[in-house]
Amino acid sequence: MNSAAKIGLAHVKISLLILVLLFLSSCLESGEEVSDDQKFKPAIGVCTSIDNYAKLKANNYDYTEESVGKFLIPHENEEEFQKNYAKLKDCGMEVYACNGFLPGLLKSTGPDIKHDQILAYSEIAFRRAQMAGIKVIVFGSSGSRNVPDGFDKQKARSQFVALLKKMGPIAEKYDITVCVEPLNKNESNIINSVAEGLDVVKQADHPNIQLLADVYHMAVEDEPAENIIKAGKHIRHVHVAEKEGRASPGTKKFDFIPYFKALKKINYKGRISIECRWGSFDNELPVALGYLNEQIQKLN
């Protein structure tokens, strides 16, 4: 091979190497995965009683999300809770989170706030949650936080933030993350968007007070998925359901991909719980998980 040919071949090799490097660089910049560890593959569970553990296991769900009022029962004595705890141990199903936090009589806002009672109630709930291996307590509780008619909304917001500031250290004591859940305006008259929730969480300024993104509530409020990106690291838990009728995923073919893309972009490592109105629980369980996994796979 003459010198000119060798030089030409070298140029071709260099050009190919440059193209390969440019391709790899573009993959990284565009967020394309280069390893299995970087894929978006959150654990998926269902908001339901552990009494349904066998059905969840049979359909390959990862965990259940229980109720504070029904499972941790802070209003009941320790002996009553031990019955639920024994049931959990027998079934071997992980309870990762609990919702249904505060009863409506324990007011977070308004002229008759019950913050001291709420904090005492929280202490019991968080201690029992730690015992059961629960990591997240969802703070939706519209009945507790709804602002009474005629009461100043800004004052109510300040009351809610003050409560969160006091609740943070208790949650930290028991290694619990309290996730504030924005609810649509049909359910609550305060904290109706992820953007609003983020502001409240930032004001509370405690590592154990974070944020939940509920795709159903976001869709009802026409809140853009981009607000998940703005909330970033503060998103610690996610709920999903179809927008129409709050049905189970897959029944109405709602497009969850924009929200999943946003979660992937913030490198979300939390979990996703289905919180919906089931038509036929047994029949819809496999459909819901299959549909969510199908949409998640489109991102990977």
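The values are calculated or read from the model by the stated rules, or taken from the named source; none is laboratory data. Note that this is a predicted model, so its numbers are computed, not measured. Here Cβ is always computed from backbone atoms with ideal geometry, including for glycine, and neighbour counts include all displayed protein chains.
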Of (1) surrounded by 11 or more Cβ atoms within 10 Å (Cβ to Cβ); (2) modelled with pLDDT under 95, Leu21 fails just (1)
(1) over 20 Å from Glu172 (Cα atoms); (2) touching a Pro at 6+ places or on another chain (Cβ under 8 Å) all hold for Asp149 apart from (2)
Positions within segment 93-110 being in a loop (DSSP other than H, G, I, E, B) and either at pLDDT 95 or above or of a type in the set (Ser, Thr, Tyr) (or both), in sequence order: Glu94, Gly100, Phe101, Leu102, Pro103, Gly104, Leu105, Leu106, Lys107, Ser108, Thr109, Gly110
Answer yes or no: is there a residue in segment 205-217 that is in contact with a helix residue (DSSP H, G or I) (Cβ under 7 Å, 6 or more places away or on another chain) and either on the phi > 0 side of the Ramachandran plot or among the polar types (S, T, N, Q) (or both). yes
For segment 242-264, which positions are in a loop (DSSP other than H, G, I, E, B) and either of a type in the set (Val, Ile, Thr) or at positive phi (or both)? Gly250, Thr251, Lys253
Which ones in segment 128-172 are basic (Lys, Arg) and closer than 21 Å to Ser67 by Cα? Arg128, Lys135, Arg145
With (1) part of a helix (DSSP H, G or I); (2) crowded, with 20+ Cβ neighbours inside 10 Å; (3) not β-branched (Val, Ile, Thr) as the list, and Leu212 as the residue in question, which single condition is left unmet? (1)
In segment 152-187, which residue that is part of a helix (DSSP H, G or I) and basic (Lys, Arg) is farthest from Asp222 (Cα to Cα)? Lys173
So Ile190 passes all but one of these: (1) touching a helix residue (DSSP H, G or I) at 6+ places or on another chain (Cβ under 7 Å); (2) among the aliphatic types (A, V, I, L, M); (3) not in a loop (DSSP other than H, G, I, E, B). Which condition number does it fail? (3)
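Yes/no per residue for (1) surrounded by 15 or more Cβ atoms within 10 Å (Cβ to Cβ); (2) free of Cβ contacts under 8 Å to residues at least 12 places away in the same chain; (3) more than 25 Å from Asn52 (Cα to Cα); (4) under 18 Å from the mean Cα position of the chain (by Cα):
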site: Asn267; (1), (2), (3), (4): no, yes, yes, yes
site: Arg271; (1), (2), (3), (4): yes, no, no, yes
site: Trp278; (1), (2), (3), (4): yes, no, no, no
site: Asn283; (1), (2), (3), (4): no, yes, no, no
site: Val287; (1), (2), (3), (4): yes, no, no, no
site: Leu299; (1), (2), (3), (4): yes, no, yes, no
Looking across segment 64-87 at residues that are crowded, with 20+ Cβ neighbours inside 10 Å and within 22 Å of the chain's Cα centre (by Cα), the single one that is nearest to Val287 (Cα to Cα) is Thr64
Given the options Lys233, Lys202, name the one that is surrounded by fewer than 16 Cβ atoms within 10 Å (Cβ to Cβ) and under 14 Å from the mean Cα position of the chain (by Cα). Lys233
Where residues in segment 111-151 are in a helix (DSSP H, G or I) and of a type in the set (S, T, N, Q), which of them is nearest to His239 (Cα to Cα)? Ser142
